[in-house]
Amino acid sequence: MKEQKNVDVVILGGGPAGMTAAIYAARANLSAVLLEESVTGGLVNSTYTVENFPSYTTIHGMELMQKMREHVDSLDVEVEEVCDIESVSLEGDVKVVETDEVVYNAKAVILSTGRKPIPLDVPTECDQVHHCAICDGGPYKGKRVLVVGGGNSAFDESLYMLGIGIEHITLVEKMDRFFAAQSTQDSLLGTGKVDARKSTIVHDLVVEGDTLKAAVLENVETGERETVAVDGVFVFLGQLPNNELFKDVVTLSKGGYVVADQHMATNVPGVFSAGDINDKHYRQITTAMADGTIAALAAERYIRS
């Protein structure tokens, strides 16, 4: 029999939006629990340097998120990391969120589940495919890696990997141009350690046993294929909304993002949303925090009424 817990608000997701919501909920004397399927911090953890956060000229993303987590902990908010959420029932006055260990009964729910990386679409599965250089780049020091993507993330993460001693990078972009800032392109391509290819996709991976040996690259214009030796693959193709838990209940945009009003309220009474999961133009750490603030204050007003 699972433990039953009654709380004022359950916050799904522990990125900047979710942790900000937790801080404001706690300060409003609401009993709150924050559930995170991985570790708190979200995608910001994988950001090497944050240079647009007021009060810090530059700070490592993981360090910034650790400071935010310390603030949450100082308010005695219950936080469950690596949490397996089995089901969510949002309709009705009592919202029910069931994990593998606990059933939470709440008066309100804040959705801050964010986004997840777009996976590499190849037929061969491989354990050496990653989406975070800061998290997983260390073991590839002195080795060769493939980077998939031509945007700012791909170029920034590649610079980071060269900085920690990765020997060589092959970078591929499907389109006929790269999309990263020109200054970043110049910095990376000027190292002499990068083979950057446009109009190129990953056709498949060559795996022997459990070990990646190479990647089969294909030029989308000519159809020509080439096998390139690599020890690891890092994929930066963008993100998709993490909406599986509530996509059949909450109104979503065509792109799968939550449609919320100016108070972060969804179409379901007592359900609010915040951060990158919302349908909006700008997705920054500061905008996520603003959403989390509003969602928590709106949830408090809903509960008090």
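Observations on the model:
- Matching residues, the range 120-154, being farther than 25 Å from Ser187 by Cβ and of a type outside the set (A, V, I, L, M, F, W, C): Asp121, Pro123, Thr124, Glu125, Asp127, Gln128
- Residues of the range 216-238 that turn out to be over 16 Å from Glu167 (Cβ atoms) and in a strand (DSSP E or B), as a count: 8
- Residues that are surrounded by fewer than 17 Cβ atoms within 10 Å (Cβ to Cβ) and within 23 Å of the chain's Cα centre (by Cα) within the range 164-193 comprise Ile164, Lys174, Phe179, Ala181, listed in sequence order.
- Failed item in (1) touching a residue at least 24 places away in the same chain (Cβ under 8 Å); (2) surrounded by fewer than 18 Cβ atoms within 10 Å (Cβ to Cβ), with Ala299 passing the rest: (2)
- Of the residues making up the range 239-259, those that are part of a loop (DSSP other than H, G, I, E, B) and in contact (Cβ under 8 Å) with a residue 24 or more places away in the chain are Asn242, Asn243, Leu245, Phe246, Val249, Val250, Ser253, Gly255.
- Residue count, the range 286-302 (criterion: of a type in the set (Ser, Thr, Tyr) and either outside the structural domain of Ala28 (by TED's automatic domain parsing) or more than 16 Å from the chain's Cα centre (by Cα) (or both)): 2
- Exclusive hit being farther than 26 Å from Ala108 by Cβ, surrounded by 19 or more Cβ atoms within 10 Å (Cβ to Cβ) and among the aromatic types (Phe, Trp, Tyr), set Phe246, Phe272, Phe234: Phe234
- When the range 86-97 is filtered for residues that are farther than 22 Å from Tyr302 by Cβ and of a type outside the set (Ser, Thr, Tyr), only Glu86 remains.
- Looking only at the range 30-84, and only at residues there that are over 19 Å from the mean Cα position of the chain (by Cα) and free of Cβ contacts under 8 Å to residues at least 12 places away in the same chain, the one that is surrounded by the fewest Cβ atoms within 10 Å (Cβ to Cβ): Ser55
- Of the residues making up the range 38-74, those that are closer than 27 Å to Tyr160 by Cβ, of a type in the set (D, E, K, R) and modelled with pLDDT of 95 or more are Glu63, Lys67, Arg69, Glu70.
- Residue list for the range 206-215, filter: touching a residue at least 24 places away in the same chain (Cβ under 8 Å), in a strand (DSSP E or B) and over 26 Å from the mean Cα position of the chain (by Cα): Val206, Val207, Thr211
The values are calculated or read from the model by the stated rules, or taken from the named source; none is laboratory data. A quick note: this is a predicted structure, and the numbers were derived from the prediction, not measured. Cβ coordinates were reconstructed from backbone atoms using ideal geometry, including for glycine residues, and neighbour counts include every protein chain displayed.
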